[in-house]
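Since the structure comes first, as structure tokens, the remarks are kept for the end.
Quick note: the coordinates plus some simple rules give every number you see, no bench work behind them. The shown structure was predicted, so the numbers you read here are calculated from the model rather than taken from an experiment. No Cβ is skipped: glycine too gets one built from the backbone with ideal geometry, and neighbour counts run over all protein chains shown.
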Amino acid sequence: MTHKKLYLPFVRLALLVVAAVATLPAHAALQVDITQSSDSAIPIAIAPFASQGGKLPVDIAQIASQDLASTGLFKTFDRANMMGSPGTPDEVNYKNWQTQGVDNLVIGSAAPNGAGGYRITFYLLDAAQGQSVASYQINASANQLRQAGHTVANLIYQRFIGKKGYFLSKISYITVTGNSADNRTFRLVVSDYDGSHPATVYSSQDPVMSPAWSPNGKQLAYVAFNVYKGTSSVRVQDLSTGNARTIASGHGVNGAPAWSPDGSRIAFAKSQNGDTDVFVYNMASGQTRQLTHSGAIDTEPAWSPDGQHIAFTSDRGGQPQIYLMNTQGGDVQRLTYDGKSNQRADFSPDGKSLAFVQKSGNGFRIAVMDLSNNNVRVVSDGPLDDSPAFAPNGQAVIYAKQGGRNSLATVSVDGDAKSSLSQAGEVREPAWGPLGY
């Protein structure tokens with residue numbers, strides 16, 4: 001049996017966002033619905049955690065269970081059918097759980113830690129074999145219990161899947177409310193990965209587009225429009241202060257920002273002299289350098305995780321396709337050939353896959369390419385899917401579903417597990433932040 005002790009830090013992103021949006025209006029949370037689970041989903045039961053010193057203000061076990069279920073990779077056991085809620089392995093009647101068909105069981109407890117917070121201890125049990133597999137201990141302050149639930153899920157996820165869980169990460173997205181140009185409002189929103197605790201970072205009656213997280217999660221780049229002046233601008237906003245810096249602006253295209261892996265540069269698309277090309281802005285020097293000069297529309301750059309290449313969309317071959325170049329703008333090669341067009345690329349964190357939007361006879365759907373062999377797998381249903389972004393552990397992709405009631409959706413990289421995140425009004429252009437721990 002393995003034992004791990006963890007001290008849960010304050011979740012940096014959450015605190016940063018609170019500071020930045022204290023004067024902006026609250027926003028409705030996204031609602032998560034699991035639409036498809038994997039046929040090989042791992043069955044698991046997470047019993048309510050026992051509490052010493054009074055009832056916990058947050059149901060840690062329920063949060064962890066919801067996290068795992070939302071991936072579609074786990075099949076969680078209905079709490080109503082559970083055989084009690086033991087706090088330690090000695091209290092477990094394995095035969096009762098075996099009768100219920102439970103193979104994997106998580107139990108735990110929380111007690112005051114003497115520092116104004118809680119010491120949370122939980123165990124992963126092999127109910128079929130009647131033995132404890134691993135134990136963990138987390139120290140959390142009173143206002144970190146929800147994050148503690150996410151941490152429990154992260155640890156269980158890593159134990160079974162072999163990769164870090166993303167349940168402490170943040171997402172950003174654009175919402176649009178109002179039915180006409182006179183009352184329409186665009187909001188750039190940051191929330192927990194599951195849409196809870198949404199906070200408005202920027203709000204405008206003019207369109208807002210293309211949020212992109214800095215690698216350290218402290219800044220967001222995005223595109224803001226001024227319809228009256230007919231201009232667009234690429235902005236970088238600090239989430240702790242709300243201060244924004246404009247790195248490109250003017251008439252025509254200024255858009256599609258993408259951070260380099262080290263956060264020192266931002267690639268973006270800009271139009272000048274009748275062409276749209278990819279440029280790179282240096283955050284330290286403030287200098288801008290042009291990378292492409294094709295005479296076609298070159299846009300939507302995406303950095304490879306090793307910082308050596310940039311994928312981008314170009315119609316230089318007649319239809320939008322994804323190309324790859326080095327960071328000096330040379331050695332250009334075409335990556336995509338399937339479908340009528342392909343665009344809006346995003347690299348997986350390990351650099352081994354590329355997600356993008358593919359147009360085919362079934363409309364616009366999200367596809368994932370294995371860069372080792374160029375095999376392409378379509379993972380979404382369409383007909384109007386857009387804006388794919390990998391989870392920070394590379395195991396899922398979030399994207400926007402357009403048409404009818406616009407919403408966000410997540411899908412596992414094999415296409416087997418799916419869930420949706422929806423709310424009143426339109427939800428667009430998601431971006432997934434770093435792991436958060």
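Things worth noting here:
- When the Cα positions of Thr292, Val378, Thr200 are compared along the charge dipole of the chain, Thr200 comes out farthest toward the positive end, with charges on each C-beta of Lys, Arg, Asp and Glu.
- Distance from region 69-94 to region 274-301 (C-alpha centre basis), Å: 53
- Computed from point charges on the beta carbon alone (+1 for Lys and Arg, -1 for Asp and Glu), the dipole magnitude for region 149-228 about its Cα centre is near 400 Debye.
- Cα-only Debye scattering, the chain: base-10 log of I(q)/I(0) at q = 0.10, 0.13 Å⁻¹: -0.73, -1.14
- Each peptide in 337-345, 244-252 gets a packing score, the mean of other Cβ atoms within 10 Å over its residues, and the list from highest to lowest is 337-345, 244-252.
- Residue pairs, from the table Lys229/Lys401; Lys359/Lys401; Lys229/Lys270, whose Cα atoms sit over 19 Å apart: Lys229/Lys401
- Most mobile of Thr151, Thr121, Thr99 in a GNM of the chain (Cα contacts under 10 Å): Thr99
- One decimal place: the segment Asp414-Thr231 gains 61.8 nm when fully extended, by the rule 0.36 nm per residue minus the C-alpha distance.
- Computed about its Cα centre, the charge dipole of the chain is approximately 660 debye, with only Lys, Arg, Asp and Glu carrying charge at their Cβ.
- Student exercise, region 37-161 dipole from Lys, Arg, Asp, Glu Cβ charges, in Debye to nearest 20: 240
- Anchor Lys95: lysines whose Cα lies under 26 Å away (excluding residues fewer than 8 positions away in-chain): Lys75
- Order of Thr327, Thr276 - criterion: other Cβ atoms within 10 Å of each residue's Cβ, fewest first: Thr327, Thr276
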